[in-house]
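The values are calculated or read from the model by the stated rules, or taken from the named source; none is laboratory data. Note that the coordinates shown come from a computational prediction; the quantities given were computed from them, not determined experimentally. Using ideal geometry, Cβ is built from the backbone for each residue, glycine included, and neighbour counts are taken over all protein chains shown.
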Amino acid sequence: MSQLSQRDLNEIYAFAVNLGKEAGKMLMDAAQLRMGEGNATREQRGHIEKESAVDLVTETDEDIEAFIKKEIAKTYPSHKFVGEETYSKGATRDYLIDDSPTWCVDPLDGTVNYIHLFPMFCVSIAFIYESKPLIGLINAPFLNQFFSSCSGRGAWLNETQALPLIRNPIPPMPENAPKGCVFSCEWGKDRRDIPDGNMQRKVESFLNMAAEIGGRQGKGGMVHGVRSLGSATLDLAYIAMGAFDIWWEGGCWEWDVAAGIAILQEAGGLITSANPPEDHATASIEKVRLGSRLYLAIRPAGPSSTESGRQGQERTVREVWRRVRNLDYSRPGT
């Protein structure tokens, strides 16, 4: 596929929407079996009772990814496929996304949530062309929330509600942001208790964002609230929805963010690097490279009497950068 027409994109989007719904149903069916519901046979129930929750999650992950990969290969055999379960995390390799038509899939984001049957888990499917996420599908079946977007066609919740949810007008960023903002962040998997390690830098950043104005040597941001969903994918979906104002994170892989970035950008949000540049006050705010592992997202914003929506988003980025620490997440072998 050398050129991608809008008609091509529309066809891929229709296919992806159906795929996202089917994969979400598979995920919910597996959850219902664990809850003792659904049409499980006696043999299946015996299997569930014998196997650990972690083993069952691995099986669910692999089954759903295999299903998605098979369906894509049947319909688009020339497209690349990047999935969490089939990626060797210990391998030495560069960025996984190039200019080829590529599907980037996380069959189950929010694995710990799923183990505990906390509802914040989802299937994530993105279609990427020329390194840009053009289509995003996020299906959170326990929540009955299905997020979707296609370049040029908007971003949607359950296919009927345009994102962000609050519209006409879309609210501007708060005048004193991050004060007045809901801040989303995750503890992540790097829990090494080492001086100035990622975990300690994150905690310091969280405290700076949450503390009272004037606290923390002037870095106190007094955000309205701090939220941790346990799913980077849903963090981005809720930024696109406008339910969260700011998301700051390090350590994510392509499949954690590709669909969310597609949806957020189509909704009018901004995404850039989590790590503050040397001169955060004047540095240009660039679009983040998919796969950088460091992300800062700002919700869609409307204009105020003094600035455009984009200016409000960029002002908020700089205020976040002023309060957070650089995180150290490299790719394998780098």
> In the stretch 270-280, which residues are touching a helix residue (DSSP H, G or I) at 6+ places or on another chain (Cβ under 7 Å) and free of Cβ contacts under 8 Å to residues at least 40 places away in the same chain?
Replying inline: Ile271
> Which of the residues belonging to the stretch 294-322 are crowded, with 22+ Cβ neighbours inside 10 Å and in a loop (DSSP other than H, G, I, E, B)?
Replying inline: Arg299, Pro300, Ala301
>> I need the full set of residues from the stretch 130-146 which are under 12 Å from Ile261 (Cβ atoms) and crowded, with 18+ Cβ neighbours inside 10 Å, in order please.
In response: Pro133, Leu134, Ile135, Gly136, Ile138
> If the Cβ limit is 6 Å and pairs must be 6+ apart or interchain, which residue in the stretch 248-265 that is part of a helix (DSSP H, G or I) pairs with which residue that is at pLDDT below 95 and small (Gly, Ala, Ser)?
Replying inline: Glu254/Gly291
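Only one residue in Ile298, Ile285 is closer than 19 Å to Glu249 by Cβ and free of Cβ contacts under 8 Å to residues at least 40 places away in the same chain, so which one is that?
Working: Ile298 fails: free of Cβ contacts under 8 Å to residues at least 40 places away in the same chain.
Ile285 is the lone residue from the list that is closer than 19 Å to Glu249 by Cβ and free of Cβ contacts under 8 Å to residues at least 40 places away in the same chain.
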>> Among the numbered criteria (1) within 19 Å of Phe121 (Cα to Cα); (2) part of a loop (DSSP other than H, G, I, E, B), which one does Asp235 miss?
In response: (2)
> Filter the stretch 200-242 for residues that are within 19 Å of the chain's Cα centre (by Cα) and surrounded by fewer than 17 Cβ atoms within 10 Å (Cβ to Cβ); which is farthest from Met173 (Cα to Cα)?
Replying inline: Ser228
